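Below you'll find the structure, written out as structure tokens, and then a few comments.
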């Protein structure tokens with residue numbers, strides 16, 4: 001009876017996981033999706049604790065582990081800013097994969113005598129995936145947080161060396177299938193997996209790290225599903241499969257948004273700075289700048305304004321000020337919309353989440369495909385810290401590392417205003433042609449401060465208080 005109830009609880013949890021992913025497809029139902037996932041996880045944990053094999057000592061150890069995880073997880077969830085969310089997600093993948101790998105190693109040493117060839121193959125692959133996801137995610141988090149160089153770290157024959165390491169790992173798994181008593185190879189396999197994770201990620205540039213994190217998420221899910229097969233845990237199999245497919249789909253979406261293939265992302269060293277592309281900005285023309293009151297006057301006289309948010313807005317935490325600016329412009333009769341690039345910021349949906357937090361109506365957030373055709377009719381585009389996703393060189397400079405990436409066609413608008421702290425290049429490390437466009441006005445400064453001043457100038461409040 002208890003076993004049936006546990007399996008029923010697992011079924012309910014699986015349904016909850018599915019509904020969670022479904023509801024998170026829309027910003028309007030995303031909170032409901034998160035809640036459904038939390039409830040499903042709680043049901044799964046309680047059901048697992050109800051297994052007959054869990055003794056008093058096991059309960060104590062599990063409760064201690066939950067307490068430690070909670071003590072770490074709550075501060076991470078509450079204190080990590082949105083700008084660092086990709087790094088936090090990478091760390092979650094890292095420690096989840098480490099847990100899977102450790103369980104696999106322990107299970108092999110405890111029960112190897114009862115394993116068949118299939119179980120050994122599955123647990124070997126699970127250790128490989130778990131180990132490489134752990135160190136790979138740490139490398140990705142380090143690159144995103146700029147603790148490690150964002151440029152690709154390369155050497156001659158890099159890809160051949162990586163394939164050789166993976167081949168050795170698979171060979172060890174195959175050997176263990178026929179010689180399961182050679183348990184000394186399990187620590188060797190685990191260490192090799194850790195090395196593979198480092199070797200696979202360091203050659204990839206920082207610009208591709210969000211896509212890499214999505215792929216690592218997929219690998220983590222697959223390793224969890226493999227562990228479920230070994231433990232005969234149906235919930236773990238389904239949850240891992242959901243995680244793996246969701247990560248894979250997300251990676252596909254991101255690769256399409258950047259016009260890149262998996263092979264190019266994983267082995268093409270995208271993010272390497274082409275010196276000819278970088279140095280080409282010197283003779284592209286003069287940069288024109290404008291003060292906030294000049295920019296405000298232009299926007300106030302416009303019929304339509306499109307705001308393009310980017311990482312600079314996220315860093316400055318300017319989303320609430322941006323909403324105030326949009327409301328002020330609309331009060332002056334200006335039509336305001338937001339153009340969202342799929343990979344703006346550091347992860348898909350980054351800008352959507354920030355603007356939703358500021359209560360910007362969902363219908364005003366338009367995806368790249370929805371708004372690109374409208375830019376020729378737009379009077380003013382306000383670019384807030386976005387860089388590579390609005391760089392026209394992606395269309396025609398074949399030496400550029402972002403060549404072929406679909407961009408927001410902001411250069412087709414009648415007037416472009418770019419808010420940036422400086423002329424520093426974007427995540428891909430290349431010059432932005434948009435800054436030298438004769439229609440572009442650079443408004444230098446912190447995004448939050450600049451947008452606040454623009455709001456005061458548009459409403460006339462700054463003149464009223466004598467600023």
For residue 373, all conditions in the list (1) farther than 19 Å from residue 210 by Cβ; (2) in contact with a strand residue (DSSP E or B) (Cβ under 7 Å, 6 or more places away or on another chain) hold save one; what is the number of the exception?
-> (2)
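Conditions tested, residue by residue: (1) under 16 Å from residue 246 (Cβ atoms); (2) modelled with pLDDT of 85 or more.
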position	(1), (2)
1	no, no
23	yes, yes
30	yes, no
38	no, yes
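Please note which helices (runs of 4 or more DSSP H) are completely contained in the range 1-87 and include at least 1 residues that are loosely packed, with under 11 Cβ neighbours inside 10 Å.
Values: elements: 2-23, 30-49, 56-79.
In the range 1-87, the matching helices (runs of 4 or more DSSP H) lie at 2-23, 56-79.
Which of the helices (runs of 4 or more DSSP H) found entirely inside the range 218-321 contain at least 3 residues meeting this: within 24 Å of the chain's Cα centre (by Cα) and at pLDDT 75 or above?
Hits in the range 218-321: 234-257, 311-316.
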When you look at residue 376, is it at pLDDT below 90, in contact with a helix residue (DSSP H, G or I) (Cβ under 9 Å, 6 or more places away or on another chain), at negative phi and surrounded by fewer than 22 Cβ atoms within 10 Å (Cβ to Cβ), yes or no?
-> no
Would you please list the contacts, defined by Cβ atoms under 7 Å and residues six or more apart or on different chains, that run from a residue in the range 125-150 that is under 10 Å from residue 94 (Cβ atoms) to a residue that is not in a helix (DSSP H, G or I)?
-> 139/148; 139/202
Exactly one of (1) surrounded by fewer than 21 Cβ atoms within 10 Å (Cβ to Cβ); (2) on the phi < 0 side of the Ramachandran plot is unmet by residue 232. Its number?
-> (2)
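Let's see how each residue does on (1) closer than 22 Å to residue 319 by Cα; (2) within 24 Å of the chain's Cα centre (by Cα):
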site	(1), (2)
387	yes, yes
396	no, no
401	no, yes
412	no, no
447	yes, yes
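The values are calculated or read from the model by the stated rules, or taken from the named source; none is laboratory data. These numbers were taken from a predicted model, which means no experiment stands behind them. Cβ sites come from the backbone with ideal geometry, for glycine too, and all protein chains shown count toward neighbours.
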